[in-house]
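K.L.:
Sharing a structure below in structure tokens format, with a few things to ask.
Just so you know, all these numbers are worked out from the coordinates, no wet-lab data involved. As the structure is a prediction and not an experimental result, all values here were calculated from the model. Neighbour counts are summed over all protein chains in view; Cβ atoms, including those assigned to glycine, are modelled from backbone coordinates with ideal geometry.
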Amino acid sequence: MKKILVGLLLAFPLIAIDLELKSGSVAAHTEMLMDSTIDPVNNSLQADISIENNEITTIKGKFWVEMTLFKSDKSDRDESMYKEIQVDKFKSAAYTISSVTKIEGEDNYTIDGTLNFLGQERALSAEAKITNIDGNLAIEAKTMILMSDFGVKMPCMMFMCVRDQVDLLVKAAF
């Protein structure tokens, strides 16, 4: 009996704790040559994230967003975007974390994982600031994707085209 109790006590710190998402968003940024910026935001980030021993490098899990919840300052442009990325067929995008690595600088990390977008999976890394203060974990991660990597041709009007690169900023509070 003592061996079982000691074994359980020794294993206790290794148990992963599921984190509760308090708030989260994904902001996307691209530009149209000689025109303006395009900055849709989705304030309905979802997450299933765990951490072991309050050690940031043990964070695992998944983030996802419903694609129709991205909104910019122009609803007609949003509708065009929904059509281009086939939201009727690919309703959500998801990112699964495979590892978190500490890098130089206070609270600086690299998050490696897999992005599932438009039914395709691609490895994706993000630079992140992650803090864990008094049980409150905050993640602010930046990365970028090329829409052409997912088979999306960005729209053009005359000689003005939307930039292929989309910068992503993810914020999450647990």
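K.L.:
When the residues of region 17-74 are narrowed to those that are assigned to a loop (DSSP other than H, G, I, E, B) and hydroxyl-bearing (Ser, Thr, Tyr), which ends up farthest from ASN108 (Cα to Cα)?
P.N.:
Selected residue: SER36.
K.L.:
With respect to THR114, determine if the residue is of a type in the set (Ser, Thr, Tyr) and farther than 24 Å from CYS161 by Cα.
P.N.:
Here the answer is yes, as THR114 does meet what is asked.
K.L.:
Out of the residues in region 29-43 that are touching a residue at least 24 places away in the same chain (Cβ under 8 Å) and either loosely packed, with under 14 Cβ neighbours inside 10 Å or of a type in the set (Asp, Glu) (or both), which is farthest from CYS161 (Cα to Cα)?
P.N.:
Once the filter is applied, the top-ranked residue is ASP39.
K.L.:
For residues that are exposed (fewer than 14 other Cβ atoms within 10 Å of the Cβ) and either charged (D, E, K, R) or closer than 16 Å to MET147 by Cβ (or both), tally how many sit in region 87-106.
P.N.:
The qualifying residues number 6.
K.L.:
Now for a different question. Go through region 52-80 and report how many residues are more than 30 Å from ILE133 (Cβ to Cβ), free of Cβ contacts under 8 Å to residues at least 60 places away in the same chain and over 17 Å from the mean Cα position of the chain (by Cα).
P.N.:
8
K.L.:
Given the conditions (1) of a type outside the set (S, T, N, Q); (2) free of Cβ contacts under 8 Å to residues at least 60 places away in the same chain; (3) surrounded by 14 or more Cβ atoms within 10 Å (Cβ to Cβ); (4) out of contact with any strand residue (DSSP E or B) (no Cβ under 7 Å at 6 or more places or on another chain), report the number of the one that LYS83 does not fulfil.
P.N.:
(3)
K.L.:
Follow-up. Might you check whether a residue that is under 18 Å from PRO40 (Cα atoms) and either among the hydroxyl-bearing types (Ser, Thr, Tyr) or over 18 Å from the mean Cα position of the chain (by Cα) (or both) occurs anywhere in region 131-146?
P.N.:
Yes, because at least one residue in region 131-146 is under 18 Å from PRO40 (Cα atoms) and either among the hydroxyl-bearing types (Ser, Thr, Tyr) or over 18 Å from the mean Cα position of the chain (by Cα) (or both).
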